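Below is one structure, written out as structure tokens, with a few remarks after it.
The values are calculated or read from the model by the stated rules, or taken from the named source; none is laboratory data. Here the structure is a predicted model, which is why all the values come from computation and not from measurement. Because the Cβ atoms are built from the backbone with ideal geometry, glycine has one as well, and the counts that use them run over all protein chains shown.
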Amino acid sequence: MLVHLRNPSRQITVDGPMSVVKLLKKLDLRRESVLVIRDGTLVPGDALLPDDAEVEVRPVISGG
Amino acid sequence: MKCRVCRESAVIDIRRHNANFCADHFLRYCRDQVERTMKEFSMATPGDRVLVAVSGGKDSLALWDILLELGYEADGLYIGLGIGDYSDVSGNYVRDFTSSFVANRESEHANSLIEIGLRDSYDYDVPTAADVTGRAPCSACGLSKRHLFDRAAHDGGYDVLMTGHNLDDEAAVLYGNVMRWQVDYLARQRPMLPAENGFPKKAKPLVRLSERETAAYCVLRGIDYQVEECPMAAGNRHLEYKHALAASEEASPGMKQAFYFGYLREAADLFEQSAVRTPDDGPGLVPCESCGSPTSGDPNGQPRCAFCRLSQRAAGADPVPVELLKTKRR
């Protein structure tokens, strides 16, 4: 699957299918620190992402 | 994962409440949390004129949207900080939100956006002010914003100035203030500060929502916002505190909320009492000789506020590009 990451913006490819929780673990990200977005809406932690999925992993922590 | 309210498929889990929500019930949860907070801390009542400080980020745009959804008369205030492309893009998000979510809204109030550009109005920007004065960029930025927010709220006759500080922001500030025992700051760390000494009433209605929740609110409402981090904020102390608290929150969901609301419940009054001024403390606040804003004066005892000192030093200096300032600070 294609995964869009931020800060800095970049893309990586990850083999699927894989649950959101496992994807974040693989990326070494805390669930509370990001949102996973697919087709303009949120994907919950237990959702299974197919191999052809395109998702954005959006950080939510800001330093302002 | 099922919605706690309707049992339909959930789109988000909130671990500290042990709750999952579908999109509709999550949006309602956010509005309910804000409404509850505003009532609990007497932030505003229907009919009040509200000024919302908006940056183009998730928190302030979510706040403005929620206030309008709750039926408040709320204008936005955007300060153009001159932080290169980051500020240009942030301003565009604010303007797009205004045209899509504010101007088209059926409302009995003509809610609108006020814009102030530091470069246009005061002949400086944040990177240049940081370079000229030797202040950290976040310090020059915060000082400029606070002054202009207060000024706009006062001059516009608003009943309350609201900002999008969320639970993570407030917990991180509290953590920093406790770690350094900054008791004067602790005494003022409240979700609502009443109008006094020439300063407007200020309120933070998002303190019951985490920043993951305000981000989720924007995604589910279709609000586009500035996702990229401010290039000046990288490595600042506030971010360090947030990461430290995030690690604790992961191990113990609800820790941040317990920390912040426990402080308000158990300790805030004690710090506030210890900070009450006495006649021996000196003259207190006087009007700035340049702008008239309340100030404790400069280090030499002259009645000149910190904003006027900063802007007068930075105005007219050769503009310092963001990249150059970042290179200098390494």
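Given the structure, is B:Tyr263 surrounded by 14 or more Cβ atoms within 10 Å (Cβ to Cβ), within 12 Å of chain A (Cβ to nearest Cβ) and modelled with pLDDT of 90 or more?
Spelling it out, it is not the case that B:Tyr263 is surrounded by 14 or more Cβ atoms within 10 Å (Cβ to Cβ), within 12 Å of chain A (Cβ to nearest Cβ) and modelled with pLDDT of 90 or more.
Applying the selection to region B:60-91, what residues are buried (at least 21 other Cβ atoms within 10 Å of the Cβ), within 14 Å of chain A (Cβ to nearest Cβ) and among the hydrophobic types (A, V, I, L, M, F, W, C)?
Answer for region B:60-91, where residues must be buried (at least 21 other Cβ atoms within 10 Å of the Cβ), within 14 Å of chain A (Cβ to nearest Cβ) and among the hydrophobic types (A, V, I, L, M, F, W, C): B:Leu61, B:Ala62, B:Leu63, B:Ile79, B:Leu81, B:Ile83.
For (1) at pLDDT 85 or above; (2) more than 16 Å from B:Thr133 (Cβ to Cβ), each residue gets a yes or a no:
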position	(1), (2)
B:Asp269	yes, yes
B:Glu272	yes, yes
B:Ala275	no, yes
B:Leu285	yes, yes
B:Cys291	yes, yes
B:Pro303	yes, yes
B:Ala314	yes, no
B:Pro319	yes, no
B:Glu323	no, yes
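Could you please find all residues in region A:1-30 being part of a strand (DSSP E or B), surrounded by 12 or more Cβ atoms within 10 Å (Cβ to Cβ) and within 14 Å of chain B (Cβ to nearest Cβ)?
Going through region A:1-30, the residues part of a strand (DSSP E or B) turn out to be A:2-5, A:10-13, A:18-19.
Now narrow it down to the ones that are surrounded by 12 or more Cβ atoms within 10 Å (Cβ to Cβ): A:2-5, A:18-19.
Of everything in region A:1-30, those that are part of a strand (DSSP E or B), surrounded by 12 or more Cβ atoms within 10 Å (Cβ to Cβ) and within 14 Å of chain B (Cβ to nearest Cβ) turn out to be A:His4, A:Leu5, A:Ser19.
Condition first: buried (at least 21 other Cβ atoms within 10 Å of the Cβ) and of a type in the set (A, V, I, L, M). Now tell me which residues in region B:135-147 satisfy that.
Across region B:135-147, the qualifying residue is only B:Ala140.
Name the one entry in B:Glu108, B:Glu35 that is closer than 20 Å to B:Asp159 by Cβ, assigned to a helix (DSSP H, G or I) and either more than 12 Å from every other protein chain (Cβ to nearest Cβ) or not small (Gly, Ala, Ser) (or both).
Every option except B:Glu35 fails the conditions.
Could you go through region B:40-59 and let me know if any residue there is on the phi > 0 side of the Ramachandran plot, within 11 Å of another protein chain (Cβ to nearest Cβ), in contact (Cβ under 8 Å) with a residue 24 or more places away in the chain and crowded, with 19+ Cβ neighbours inside 10 Å.
Yes: one or more hits.
Test B:Arg265 against the criterion of being under 26 Å from B:Met192 (Cα atoms) and in contact with a Gly (Cβ under 9 Å, 6 or more places away or on another chain), and give yes or no.
No: the conditions fail for B:Arg265.
Name, by its number, the condition in (1) in a strand (DSSP E or B); (2) modelled with pLDDT under 95 that does not hold for B:Gly71.
It is condition (1) that B:Gly71 fails.
Report whether or not A:Lys26 is closer than 24 Å to B:Ser9 by Cα and among the basic types (Lys, Arg).
It is false that A:Lys26 is closer than 24 Å to B:Ser9 by Cα and among the basic types (Lys, Arg).
Before we move on, is B:Asp96 over 22 Å from A:Val60 (Cβ atoms) and of a type in the set (D, E, K, R)?
When the stated conditions are applied, B:Asp96 does not pass them.
Scan region B:188-202 and tell me whether some residue there is within 14 Å of another protein chain (Cβ to nearest Cβ), surrounded by 17 or more Cβ atoms within 10 Å (Cβ to Cβ), out of contact with any His (no Cβ under 9 Å at 6 or more places or on another chain) and not hydroxyl-bearing (Ser, Thr, Tyr).
no
Mind checking which residues of region B:187-222 are in contact with a Phe, Trp or Tyr (Cβ under 7 Å, 6 or more places away or on another chain) and at pLDDT below 95?
If the condition is that a residue be in contact with a Phe, Trp or Tyr (Cβ under 7 Å, 6 or more places away or on another chain) and at pLDDT below 95, then B:Ala187 is the only one that fits.
Is it the case that B:Ala140 is within 14 Å of chain A (Cβ to nearest Cβ), over 23 Å from B:His243 (Cα atoms) and assigned to a helix (DSSP H, G or I)?
yes
Hey, could you check region A:31-64 for residues that are part of a loop (DSSP other than H, G, I, E, B) and small (Gly, Ala, Ser) and say which is surrounded by the fewest Cβ atoms within 10 Å (Cβ to Cβ)?
A:Gly40
Of the residues that sit in region B:224-240 and are more than 7 Å from every other protein chain (Cβ to nearest Cβ) and buried (at least 20 other Cβ atoms within 10 Å of the Cβ), which one is modelled with the lowest pLDDT?
The qualifying residue modelled with the lowest pLDDT is B:Met232.
Can you say whether B:Ala244 is within 10 Å of another protein chain (Cβ to nearest Cβ) and either touching a residue at least 12 places away in the same chain (Cβ under 8 Å) or β-branched (Val, Ile, Thr) (or both), as far as the supplied structure shows?
For B:Ala244, the condition - within 10 Å of another protein chain (Cβ to nearest Cβ) and either touching a residue at least 12 places away in the same chain (Cβ under 8 Å) or β-branched (Val, Ile, Thr) (or both) - is not met.
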